[in-house]
Amino acid sequence: MTTAETVVPPVVRQPDRTSRQSRIATASAPVVLTLGLVGLWWATALVLDSSVFPDPATAVQRLLVNLESARFLRSVTGTIVRLAISYSLVVIVGAAIGFALGLSRFWSDAVSPLLYAIYSIPKVVLFPLFLLFLGLGATSQIAFAFFSGVLPMILMMTNAAAAAPRLPLKLAASLRMSRAAVICKIVVPNALPAFTSALRLTFGLTFLGLLIVEMFSGVSGLGYELLRNIPLARMGDIIGEVILVVVMALVPVTALRALEGRIHRRYSAGGAK
Amino acid sequence: MSILTSTRPYRIPGYLRPRPATVLGLAPPAWAAVLGLAAMAAVELASRTGVVSKFDLVPPSRMAARAAGLLTDTGFLTGQLVPSIGLIAATFAIAGGLGVAAAYLLWRSEWCRKATLPLLGVYYAVPVFAVYPILVVLFGVGTAPILVVSVAFAVVVVITNSLTGFDSVPATVTKLARARRLTARQYLTKVLLPAAVPDVVAGLRLGLVYSTIGVLATEFILSTKGLGHFIADAYHTFRVDDMYAGILLICVVALILNVTVAAMLGRIDWRRR
């Protein structure tokens, strides 16, 4: 027994998943770190004792006060609605286009370089164009948030659809399966794990795009609320809003991660099914 | 069997046939060029014929002429272009150095890895730019808040990719290294870093894209100089020609930066040699 243990170098870690203690350590570590950072923030705020550096309690309290104002609530619900619309469009349109493109090797080879070129442009600077053509309102913001998320969705789905494994395809050919059956039974299940990953990644990008244009065009929304407080130097309000933004981002993404884990376990190569 | 007995002639299904080399006599790169030029021509035509108002859409030829004019304008060069490129370079250098160093730390310390990995996994779901207003209140409008936000935006993608690289050392190589009694430093320079290079390079390339986005987006939202500010200002003061020229310049700058840095990084990537 002892000889077997000395062979394994300590650098190669084999996390023991069955051990309950290590599971608890894995789960608690990020919580400890987060609490530590919040504690550090609190301590710094106490030491500085400055109005431009409030402690966490003040920030949360300011957020709760703001949430009682009708105007602020309108801004928050406005952002949520715009995010929901643009993200749904990203998922439906992006996945459909990407999947269709991935089915044709030739056209995905021809179009992908263009998409990658557009993708590498910092998209924010194109926002004035959206404002020029769609006006200073919800339409241009939704359109831009959609534009921020749709390209990665298309690119990831193109790759996912093109990555159908060769062996099942050959089997399908010898069984003379129709094209529709091949897509339903082989290509789609194979692309599902990548699709769930894309769902999670594009959510972040869509939210980011929306928040940036709300900061820029400044009519309403959370981004506008954030920027509005700069000249007033109301740090408690700003930090409270940032906390709200973090919560708004983390709740759906945590759910999407759980979904991603389930789908990956079920459909990835070597999975149960 | 079924092929031999079937009356229909057997045809290999489309999903198994190799990709056609050309469609209508054109290879995929040629099609990419054709599609790109066609889009440009459509914009030029729409603007010249007056389908879209000249105040909204400037023909690409005039965009290019104005952009060339800006490049000879020393005020623009020293006031907008150089500061932005300098900030992008600084962000990239800091995020790259910090990112690789942080990844090494995470690779060394099991607890740090457990504590940060779940947080890093959801990092890009949170719109990092939301903290920009906080920094503007703390440091004022200027270089410091832009640098902090851009580094924060770019560093995480470098960390996660580099960590993948550090993890990619094959277990057998580590065993061999132990058998050869490599010192920690020898292991670092002879095994770990060379093994990690391809993933680190991939992370740095993404880091550059994120640095560019970070700098231009923050300049765009709120700043007093730089390319992002130039476009925002041109939009607010209805200088449509300048706005389009600025956008075109940013596309060109982003493209040149990507290509040159990718070429430089490709040189140290042994997988591509």
- Task: Could you grab the relative contact order for chain A? Cα pairs under 8 Å, six or more apart, rounded to a whole percent.
- Result: 24
- Could you give me the radius of gyration and the Dmax of the protein assembly as shown, taking only the C-alpha atoms into account and expressing both in angstrom? 26.0, 88
- Note on the structure: Any chymotrypsin sites (Phe, Trp or Tyr not before Pro) in segment B:45-130 that lie in a DSSP loop and have at most 16 other Cβ atoms within 10 Å would be B:PHE55
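On a full-extension model of 0.36 nm per residue, what is the gain between B:THR22 and B:ALA64, subtracting their alpha-carbon distance, rounded to one decimal in nm?
11.9 nm
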- A:VAL38 to A:LEU250: extension gain in nm, 0.36 nm per residue of separation minus the Cα-Cα distance? 74.6 nm
- Query: So what's the convex hull volume per residue for the Cα atoms of segment B:123-261, in Å³?
  - Reply: 129
- Item | Alpha carbon centroid spacing (whole Å) that separates segment A:42-118 from segment B:150-171 | 24
- Task: Find the Cα radius of gyration of chain B, compare it with 2.2 N^0.38 Å by division, and give the number to two decimals.
- Result: 1.35
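Looking at chain A, do any whole DSSP H helices span at least 30 angstrom along their long axis by alpha carbon and average -0.5 or above on Kyte-Doolittle, and which?
On the way: long enough: A:20-48 (42 Å, 1.13); A:138-162 (35 Å, 1.35); A:188-217 (41 Å, 1.29); A:235-267 (47 Å, 0.94).
Membrane-span-like by this criterion, though nothing is claimed about a membrane: A:20-48, A:138-162, A:188-217, A:235-267.
Given only helices, namely DSSP H runs of n ≥ 4 each adding -39500 (n - 2.57), what is the per-residue ellipticity at 222 nm of chain A, to the nearest 500 deg cm²/dmol? Provide the component values of the computation, followed by the final result.
On the way: 13 runs with 212 residues, N = 273.
Estimated from H runs of four or more residues: -26000 deg cm²/dmol.
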- Message: Taking just the alpha-carbon atoms of segment B:10-91, what radius of gyration and Dmax come out, in angstrom?
- Response: 21.4, 70
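Need one number for segment B:1-150: average projected area of the convex hull over its C-alpha atoms, nm².
On the way: hull surface 84.1 nm².
Its average projected convex-hull area is 21.0 nm².
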- Using the Cα centre as the reference, give the magnitude of the dipole from point charges on the C-beta atoms of chain B (Lys, Arg: +1; Asp, Glu: -1; all else neutral), rounded to the nearest 20 debye. 1580
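Throughout, read-outs are computed from the coordinates displayed, never taken from laboratory work. Because the structure is a prediction, the values reported are computed rather than measured. Every residue, glycine as well, gets a Cβ built from its backbone with ideal geometry; the counts of neighbours run over all protein chains shown.
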